[in-house]
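The values are calculated or read from the model by the stated rules, or taken from the named source; none is laboratory data. Every value quoted in this text rests on a predicted model; they were computed, and no experiment measured them. Note: ideal-geometry Cβ built from the backbone for every residue, glycine included; neighbour counts use all protein chains shown. Calculation scope for accessible area: heavy atoms of the full protein, side chains included, ligands and nucleic acids excluded. Shrake-Rupley method; radii C 1.70, N 1.55, O 1.52, S 1.80 Å.
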Amino acid sequence: MAASRAKEEQPKRPGRLSALSVYRQVEGAQRLERRRRRETSLPARRKRAKVRRGRGGAGSSGPQPDASPQLPLSAAAAHRSRMERDEARPKSIPEPEAPPQLAHSAAASHNHVERAKSRPKSIPEREVPPQPSTAAAPGRVERPKTPAGSREGKRQGSPAAKPVRQRPAGEGGGVAGLLRWLGRLEDSRQRAAELFRWLVAPVAPEEFLGRYWERAPLLVRRDDPGYYAGLFSTADFDAALRGGEVHFGTHLDVTSYADGMRETHNPSGRALPAVVWDFYRNGCSLRLLSPQAFSPTVWHFLSILQEHFSSMAGANTYLTPPGMQGFAPHYDDIEAFVLQLEGKKHWRVYKPRTDAEVLPQFSSANLTQAELGEPVLETVLEAGDLLYFPRGFIHQGDCLPDMHSLHITVSSYQRNSWGDLLEKLLPAALQMALEEDVEYRQGLPMDYLGYMGVANSDTVDVRRTAFMEKVQNLIKKLVDYAPIDAAVDQRAKSFLHDCLPPVLTESEKAQSVYGFPARWQDGGPCNVDILITKDTEVRLLRHGIVRLCNEEAGVMLYYTTENSRVYHKEESKFLEIDPEYTDSIEFLLSSYPNHVRVDTLPCETLEDKISLATLLFEKGILTTKKPLVQV
């Protein structure tokens, strides 16, 4: 009956195949051929090696590559592992094939919507305290009661978030007004702190960090559909597609999840609007990877927020049709902030199942419903609401039948743990100990193989006891050789490579090389000379845009001003500077956000002071208190 109803309701388009049907026909044939080749190329009875799935290569296209614990190198790779895991089946096992002529036809899509419509439209919000051994109770910000019959009265939650601080009346509302107001703050660290305060409001940042960060989910209801206005919208999504630079897999994933099956339907090539929206109309969810590459507002937002975390801030956006779900239950390796931009979405969040899944290093494979247990938080997010959950918390979201959903997931803290620091620190400590302490270079006992090893683990032997004590003492002594500051500098160097470039205010442009009025005019270049003098007052453009690293090749100054909006599209940017300039760099860092005169830089000569200031200005690292050239 459902199929006959679908035929009646769908307009007659003889011979037309949807983008999803075409994809599945082509993919099904290719899958068959791949399976035939695998089966004929492997000798009989030989077992295929299982592929261990590590981190994807966001932030998280198509199936995840086999990964080793190294930092990802592509935008799609960076954010895909941040947000959602792709299909977790080993690559050597072919996916089950649906008959191409029936796979997600218009009638099938309609049947799926009909099943979704059978769900209750109103899902009660519930919070079940997790087990004490894994996490604290999830947070929920309560609203005062509102008059019966109003939208607020029908929906439980918290009062609208109070402004972080009183913004000037002329700044306007929404995210655009917020960013303009933040641009008036002199210190970039204060901008970042105030943006984070706005993000989690009305919960105070101190309460958030003390009760929820890396501990428990937090739900913030605001009853303010315009809270995120201007950050990103379906119109922005459509504009990105029409810009012609979005490609399937690299920038956009087309996904579905039905009957426990998670599928990716990415064709090859450019993601043209007609094809993408046809997928959407046939029940597929759309994930736009790294929207900061297409949206100046998202770029601006994340470029400020990253300084608060001292860790890369990434994002993905998710557009889901009414009644549909795009992803299987899973957990991620990032701290996730879900900002509901449009529509509504039903969310379920589950505590980590074991201690090993608390704050995991890597995201999970797709999970089945039978593996989940009871959710610790179940709710319907509406525009303006916020849902935070730490890495390791399993989650899944699906749309209610009556409305689409658009949300953006802002993420951070991927591979930013104490263990990740020690991965850099301990090898360096051991290398330094080997160079400086002869005890680490002394030979092992000739007979140690006879009393050490698993086979001898229960043996009582004084030689074994002495061996264990020797190893323990050598490990303890490693602390004395650990170059902790140098290891932190290397972490900072990696972070600066991950960073988005800063977005400049109009005044910052006028006072930096980016607004310098050099141009071709009247048959030749004019306003070319950068005339910095001893009296010029300068400061860093942002506090977090540079890092000094003392490396084997010399003293390197890493910076972010020439980074790309596309993750790691550019190599890490640095200047090799003379060691005598390090004091001046440190002086500029300690003086920020105040301006200092060039002649106060602690260089040996005035020429060195002007030369260093000019170099840093040309790289966009320094700004001047007043424009160098009045236009």
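Worth pointing out:
- Among residues of the stretch 228-247 that are within 17 Å of Leu272 (Cβ to Cβ), those with a Cβ under 6 angstrom from a residue that is of a type outside the set (Asp, Glu) and open to solvent by 30 Å² or more (accessible area, probe 1.4 Å), sequence gap 6+ or separate chain, pair up as Ala240/Phe294; His247/Arg270.
- Pick from the stretch 515-546, criterion within 24 Å of Met312 (Cα to Cα) and assigned to a helix (DSSP H, G or I), ranking: least open to solvent (accessible area, probe 1.4 Å): Ile545
Conditions tested, residue by residue: (1) in a helix (DSSP H, G or I); (2) modelled with pLDDT under 95; (3) within 21 Å of Trp347 (Cα to Cα).
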site	(1), (2), (3)
Glu194	yes, no, no
Gly210	yes, no, no
Leu219	no, no, yes
Ala229	no, no, no
Asp236	yes, no, no
Glu263	no, no, yes
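- Check on Lys470, outside the structural domain of Thr614 (by the TED database) and under 27 Å from Ser417 (Cβ atoms): no
- Residue ID - nearest to His330 (Cα to Cα), chosen from residues in the stretch 353-393 that are surrounded by 22 or more Cβ atoms within 10 Å (Cβ to Cβ) and charged (D, E, K, R): Arg391
- Ser256, sole failed condition from (1) in contact with a strand residue (DSSP E or B) (Cβ under 6 Å, 6 or more places away or on another chain); (2) over 17 Å from Leu319 (Cβ atoms): (2)
- The criterion of being more than 16 Å from the chain's Cα centre (by Cα) and modelled with pLDDT of 95 or more does not hold for His300.
- Qualifying residues in the stretch 573-621 (those that are part of a loop (DSSP other than H, G, I, E, B) and among the hydroxyl-bearing types (Ser, Thr, Tyr)) - the one nearest to Gln190 (Cα to Cα): Tyr592
- Among the residues of the stretch 550-572, the ones that are in contact with a Leu (Cβ under 8 Å, 6 or more places away or on another chain) and assigned to a strand (DSSP E or B) come to 5 in all.
- The stretch 228-256, residues that are of a type in the set (Ser, Thr, Tyr) and open to solvent by 20 Å² or more (accessible area, probe 1.4 Å): Ser233, Thr234, Thr250
- In the stretch 501-513, the condition of being open to solvent by less than 40 Å² (accessible area, probe 1.4 Å) and in contact with a Cys (Cβ under 7 Å, 6 or more places away or on another chain) is met by no residue.
- Hey, Gly260 among the small types (Gly, Ala, Ser), touching a helix residue (DSSP H, G or I) at 6+ places or on another chain (Cβ under 8 Å) and closer than 30 Å to Ser364 by Cβ or not: yes
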